[in-house]
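Below you'll find the structure, written out as structure tokens, and then a few comments.
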Amino acid sequence: MSSFTLYNYVLSGNCYKVRLMAALLGVEYDTVAVDFYPGFEHRSEPMLALNPSGTLPILTADDMVLTETQAMLGWLAAKFDPTGRWYPADDPVVSGEVLQWLGVASRLTGSVGAARLHAMLDWPVDGEAVRKDALKELQGFELLLTDRVFAGQTWLVGDHPTIADIACFPYVALSPDAGLEHDGFPAIRNWLYAVRSLPGFVTMPGIHQLHELREGAHG
Amino acid sequence: MSTLPVGLSRDLSAKRVMRATVGGQDLVVWRATNGEISAWDNRCPHRGMALSHGFVRGNTLACLYHGWHYNGAGTCTYIPAHPDLDPPATIRTNRFSVVEQDGVIWVRTDGEAQAPDLPGGLEPLRVFIVAASADQVQCGAAQVPYEGQMADAGAVLHFGAVSVMLLLSPLGDGRTQVTTLASAGLTVAQRSALSRWCEATRRHVEAQQEEAA
């Protein structure tokens, strides 16, 4: 039985975040394809009735409607991860760190995500300004990840992946779509690789699978 | 072009691929399963695809586009569309000389790479890119205090007991990649603080450029 419904646009990094989390948790769900571009269906009256903010994704389960991506990750982990590893809420410090990264994820969406929409779909924003913001966010992210490298750690919080990693992953990974390459960001590159190596990882256009992890017929 | 750093050994483990640039030359740098490192023109001889999108299979690099495999000598060893074909030896990548020394990966695009002798007691800290020339970074870095202390200007910046050295690689587009070395044996907190000094240096140098523009 399907456990929730995702109103989905395949090229959206935020929609992908939810698909990725569900895949990593092995959760089955239904999708409703929304014509974000060029149809702007997310701003149609039926969609606005469901989500007055006019954004995607939207997650519905029973009578619940979630419209904030980071909240969806928290809900998925709380509901479907009995180990509590993906969303560790017991320790106040750990919990604070996870929630802190969810805020960072929102800033990445607002900067890298906006720069990407401008580059790919000619979104009506100041392209140079959002690109500058996005570069600053990525530099800040690289700095914090480098601290994790110094501490001998791979993941954003603790010693295993959490919703913090999944929340930040898509727009960092997709930044080359906005012309922001990962060349000068070694800590980001290695963390992206770690996320892509997770069992059950799924792809989206712009984020391909790691062929070297598949059983090859040759080599 | 001289021998220039393209990254840190610790940031490229076995079976991993990265893109790098020296002096406008787009490079793929990759490490085979056996640890051997290679630096090539970032272009598949078949269709020109960036090899940095490729993946390592054993001790070969496979292009993501059509899966052609190249060994450490740059020779094509396997073409998936023609599995029984022994590929002609003329199909090869454009290789550059690469050496690893002091935890740094050094590349030279016009001759044999030879890493310089660095002062002792230093180890890699981190790599970052500044939107300014190498000279501007070198001058600007000496003007940024660390823990309230100004450095004595020189090839190595001394902040009391903590030393920092910046290795500068012009990327060829007005930006410079900075490979930072710092005193060996620092605590995590000290390395973290120096990493923030790197960010402060970037901001300082880039602000100087904006003022001048």
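The values are calculated or read from the model by the stated rules, or taken from the named source; none is laboratory data. Treat the numbers as computed from the prediction; the structure is a model and nothing was measured. Every residue, glycine among them, receives a Cβ derived from its backbone with ideal geometry; neighbour counts consider all protein chains shown. What goes into the accessible areas is simple: the full protein's heavy atoms, side chains included, and nothing from ligands, DNA or RNA. Shrake-Rupley method; radii C 1.70, N 1.55, O 1.52, S 1.80 Å.
Structure above, values below:
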{"quantity": "Total residues in the range A:142-163, condition part of a helix (DSSP H, G or I) and either polar (S, T, N, Q) or away from chain B (no Cβ under 12 Å) (or both)", "calculated": "2"}
{"quantity": "Pairs with Cβ under 9 Å, 6+ apart, first in the range A:164-175 and charged (D, E, K, R) and part of a helix (DSSP H, G or I), second open to solvent by 10 Å² or more (accessible area, probe 1.4 Å) and at pLDDT 95 or above", "calculated": "A:ASP165/A:TRP101; A:ASP165/A:TRP155; A:ASP165/A:ALA194; A:ASP165/A:LEU198"}
{"quantity": "Total residues in the range B:1-34, condition more than 10 Å from every other protein chain (Cβ to nearest Cβ), over 23 Å from A:SER197 (Cα atoms) and either modelled with pLDDT under 95 or more than 10 Å from the chain's Cα centre (by Cα) (or both)", "calculated": "7"}
{"quantity": "Residue pairs meeting the criteria (Cβ under 8 Å; at least 6 apart or on separate chains; first assigned to a loop (DSSP other than H, G, I, E, B), in the range A:189-216; second basic (Lys, Arg))", "calculated": "A:VAL202/A:ARG19; A:GLN209/A:ARG196; A:LEU210/A:ARG196; A:GLY216/B:ARG57"}
{"quantity": "Residue satisfying condition, being closer than 30 Å to A:ASP122 by Cβ and either surrounded by fewer than 18 Cβ atoms within 10 Å (Cβ to Cβ) or of a type in the set (A, V, I, L, M) (or both), within set A:VAL27, A:VAL65, A:VAL32", "calculated": "A:VAL32"}
{"quantity": "Selection from the range B:49-90 of residues that are at the interface with another protein chain (Cβ under 8 Å from one of its Cβ atoms) and either basic (Lys, Arg) or open to solvent by less than 60 Å² (accessible area, probe 1.4 Å) (or both)", "calculated": "B:PHE55, B:VAL56, B:ARG57, B:GLY58, B:THR60, B:ALA62, B:LEU64, B:HIS69, B:TYR78, B:PRO80"}
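Residue-by-condition table, conditions (1) surrounded by 15 or more Cβ atoms within 10 Å (Cβ to Cβ); (2) modelled with pLDDT under 95; (3) not in a loop (DSSP other than H, G, I, E, B):
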| position | (1), (2), (3) |
| --- | --- |
| B:GLU112 | no, no, no |
| B:LEU125 | yes, no, yes |
| B:ALA132 | yes, no, no |
| B:ASP135 | no, no, yes |
